[in-house]
1. Can you tell me how many residues within the range 152-207 are charged (D, E, K, R) and closer than 27 Å to residue 121 by Cβ?
2. Is the range 202-225 home to any residue that is of a type in the set (S, T, N, Q) and farther than 19 Å from residue 45 by Cα?
3. Out of (1) outside any strand (DSSP E or B); (2) farther than 30 Å from residue 162 by Cβ; (3) modelled with pLDDT of 95 or more, the odd one out for residue 3 is which?
4. What about residue 157, is it surrounded by 21 or more Cβ atoms within 10 Å (Cβ to Cβ), closer than 19 Å to residue 248 by Cα and of a type in the set (Val, Ile, Thr)?
5. How many residues are in a loop (DSSP other than H, G, I, E, B) and among the charged types (D, E, K, R) when one looks only at the range 210-239?
6. Hey, any hits in the range 181-192 for a residue that's charged (D, E, K, R), over 22 Å from residue 23 (Cβ atoms) and in contact (Cβ under 8 Å) with a residue 12 or more places away in the chain?
7. Please determine, by comparing only the residues of the range 240-281 that are assigned to a helix (DSSP H, G or I) and among the acidic types (Asp, Glu), which one is nearest to residue 181 (Cα to Cα).
8. Which residue is surrounded by the most Cβ atoms within 10 Å (Cβ to Cβ), if the candidates are limited to the range 216-235 and must be more than 14 Å from the chain's Cα centre (by Cα) and either hydroxyl-bearing (Ser, Thr, Tyr) or closer than 22 Å to residue 279 by Cβ (or both)?
Amino acid sequence: MAPAFDVPACSVCRAPAVVSQAYSGQNLCAHHLDRSVRKKVGRELRKQLTIDGPTTVLVAISGGKDSAVLLSMLVDLIGNRPDVRIVAGCVDEGIEGYRPPSIEAAAQLCEMLDVEFITTSFAEQDFLAMDEVTASLDAILDKHPEAPRLPCSYCGVFRRQGINALADMVEADVVALGHNLDDMAQTVLMNLTAGEVERSRRLAPHTERPAEGLAPRIVPLRLIPEQEVHLVSMHRGLPIHNEVCPNAEGALRWRMRDVVATLEEDRPGTRHGLVRTLDAIRAMTPAEGDAAEPVGACERCGSASSRAVCKACEMRDLVNIK
């Protein structure tokens with residue numbers, strides 16, 4: 001007979017814990033984990049979001065756990081304020097079998113939370129659907145050998161334009177993204193290993209570095225580990241689509257997930273250390289004149305860009321192989 005497994009007791013109330021935080025030394029039950037996460041999100045929200053008059057917050061949701069918890073927390077923390085309008089927006093990239101059920105989950109979440117829900121698609125933004133891009137990659141590379149070789153490179157650029165379009169639709173003052181601690185740590189590590197310090201400096205939050213023509217991004221979940229986000233989504237009974245994008249495997253981020261997870265297991269607190277490194281890099285240079293995104297306008301589509309032709313238009317040209 002296998003020995004019984006001892007479930008740790010919550011450090012606060014002694015109920016069975018659902019998570020053991022190696023980085024803090026605490027064990028927390030579902031209730032106190034939710035309270036802890038909400039407190040951390042509230043603290044980040046106060047740092048990142050200044051509400052000075054009527055404010056529209058666009059929450060970029062995908063149907064996944066991160067954006068679901070983000071939206072739920074924002075409704076809890078600021079949803080009752082008369083000077084705040086929360087709108088949830090979803091971008092349909094055109095990935096059959098993956099995006100439709102996630103949009104359905106996003107719609108159910110917004111109905112549950114009584115939040116306005118809007119969508120746009122790559123097609124509506126004059127981009128090829130990702131299924132078409134993926135199917136055409138060999139032809140794209142034959143014609144443009146210098147083009148990105150992985151679908152995620154195209155999707156990320158087109159998706160950012162889609163979020164910008166949603167923000168314009170509702171005249172958003174700020175865009176909230178569901179990046180968790182693991183996401184942030186992976187991004188910082190990717191940028192540092194590539195020597196792209198400036199790229200790290202431009203990461204959200206953009207509270208002190210707003211760019212003309214773009215609603216600043218905030219990331220209230222930036223210090224919440226992915227596992228804890230998932231547990232909170234389960235505790236709150238949020239409708240989520242918990243599948244991985246079929247195009248994700250092979251991307252650099254996919255590999256960095258394993259690297260960061262291994263480092264965190266070997267040395268708890270590594271993820272927080274990477275995010276603190278980002279904050280330290282930013283602190284080295286005054287925020288004045290240091291915009292989060294380059295200022296200017298694309299001469300073809302009019303979107304904010306540091307170059308005459310923005311990255312989205314360049315990639316639109318690459319995938320247009322007819």
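The values are calculated or read from the model by the stated rules, or taken from the named source; none is laboratory data. Nothing here was measured: the structure is a model prediction, and the numbers come from that model. Every residue, glycine among them, receives a Cβ derived from its backbone with ideal geometry; neighbour counts consider all protein chains shown.
1. Residues that pass the stated criteria total 7.
2. Scanning the range 202-225 turns up no residue that is of a type in the set (S, T, N, Q) and farther than 19 Å from residue 45 by Cα.
3. Going through the list (1) outside any strand (DSSP E or B); (2) farther than 30 Å from residue 162 by Cβ; (3) modelled with pLDDT of 95 or more, residue 3 breaks only (3).
4. No, not satisfied.
5. Going through the range 210-239 one residue at a time, the tally reaches 3.
6. Scanning the range 181-192, I find no residue that is charged (D, E, K, R), over 22 Å from residue 23 (Cβ atoms) and in contact (Cβ under 8 Å) with a residue 12 or more places away in the chain, so the answer is no.
7. Result: 264.
8. Going through the qualifying residues, I end up with 228.
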